[in-house]
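Right, one structure below, let's go through it.
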Amino acid sequence: MFSSTIARRIGYSLFFLFSFVLGLYLTFPWSAAKEKIFAFASKQVGTKITAQTLEPSWITGVEMNGVEIGEVDPIVLDKVRARVHLLPFLTGKQGFSVWLPIGKGEIDADVTMGPEIIDVDAHIAKVQLDQVAPLLAASGLPLIGTVDLTADLTLGKKDPKLTHGKIVLTTEGLAVEKGGKMGMVPVPELTLGNLKLEVPITDGKIEFKNTRVPGTDVEISLDGSIALNEVIGRSSINLMLGIKPTEKLLGSDPLLRPILKNFDSAKDSEGFYGLAITGTLQNRKTTPRRR
């Protein structure tokens, strides 16, 4: 009798709690909260973020439609879904997942935040680069092709040296279309093809040591590092990029050899034309220089 009474009281309590949370969830003024939520997000990211609608999705999630990131040529996302994870709260952490379609592909990520670090497990699947042109505008390269990316990272919230993990990037049909530039250096039309690049991150630094990426029209070498900053745009870059055109590429356009003659001072004994990339992710400087 005692045990059945206790069980009944627990059942009533759980039902009341569920009803209370559900009622609060369904009557929450989402439209009024939308402006505050996106004002906060805009401040954190450093650019304006808006959405046409913000609505509840089941008990622990929200769905946003018509999301725009940026003010000039904004990135437009038709739909974004986010969901809070309850289990991390038992250990004093916060967790959530995000899913969104983009560039005819999709992005999904699981994030767990503790007092000092953020764990990220993210995947980008079959995103077509020509469909996300605003994302690539800052690079100066009109890229086409399909990208897949897997990131398994631990990020230091205030101390970048706590950041470590690995990013694996693969491409299909990657190419640079006409009109590309790296700084003031013109980049011809290039076919890079299917590539795979693994990027290790240790003690808050991305390092490349004699990294070689063979492409269809060019071979690429990469040395140097990116020291991560709490504000990602202020991360410092010290990279040496080498580009070695193939005979196939040189023979495809009679103007390429005369153009490259202007950069002979940056050409090394292996045939790579060097480009030093320095500054920060936000303010980069690209200078022709021998490797």
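The values are calculated or read from the model by the stated rules, or taken from the named source; none is laboratory data. These numbers were taken from a predicted model, which means no experiment stands behind them. With ideal geometry, Cβ positions are generated from the backbone for all residues, glycine too; neighbour counts draw on all protein chains shown.
Determine whether Ile144 is closer than 30 Å to Pro254 by Cβ, modelled with pLDDT of 80 or more, among the hydrophobic types (A, V, I, L, M, F, W, C) and not in a helix (DSSP H, G or I). Yes, satisfied. Inspect all residues belonging to the stretch 122-139 and state whether any of them is touching a helix residue (DSSP H, G or I) at 6+ places or on another chain (Cβ under 9 Å), touching a residue at least 12 places away in the same chain (Cβ under 8 Å) and of a type in the set (S, T, N, Q). The answer is no; no qualifying residue exists.
Selection of the stretch 204-227 for residues being over 30 Å from Lys158 (Cβ atoms) and not hydrophobic (A, V, I, L, M, F, W, C) yields Asn210, Arg212, Pro214, Gly215, Thr216, Asp217, Glu219, Ser221. Scanning the stretch 145-190 for residues that are crowded, with 17+ Cβ neighbours inside 10 Å, of a type in the set (A, V, I, L, M), over 19 Å from Phe208 (Cβ atoms) and in contact (Cβ under 8 Å) with a residue 60 or more places away in the chain yields a single hit, Val185. Taking the criterion of being part of a strand (DSSP E or B) and in contact (Cβ under 8 Å) with a residue 40 or more places away in the chain, the residues of the stretch 110-119 that qualify are Met113, Ile117.
Can you find even one residue in the stretch 161-178 that is in contact with a His (Cβ under 8 Å, 6 or more places away or on another chain), in a strand (DSSP E or B) and more than 29 Å from Asp264 (Cα to Cα)? No, that holds for no residue.
Does the stretch 172-184 contain at least one residue that is closer than 30 Å to Lys93 by Cβ and not aliphatic (A, V, I, L, M)?
No, because not a single residue in the stretch 172-184 is closer than 30 Å to Lys93 by Cβ and not aliphatic (A, V, I, L, M).
Scanning the stretch 180-192 for residues that are of a type in the set (A, V, I, L, M) and under 18 Å from the mean Cα position of the chain (by Cα) turns up nothing. For the stretch 200-232, the set of residues classified as under 17 Å from Gly165 (Cα atoms) and surrounded by 17 or more Cβ atoms within 10 Å (Cβ to Cβ) consists of Ile201, Gly204, Lys205, Ile206, Phe208, Ile226, Ala227, Leu228, listed by residue number. Taken over the stretch 253-291, residues that are surrounded by 11 or more Cβ atoms within 10 Å (Cβ to Cβ), in contact (Cβ under 8 Å) with a residue 12 or more places away in the chain, on the phi < 0 side of the Ramachandran plot and not in a strand (DSSP E or B) amount to 13.
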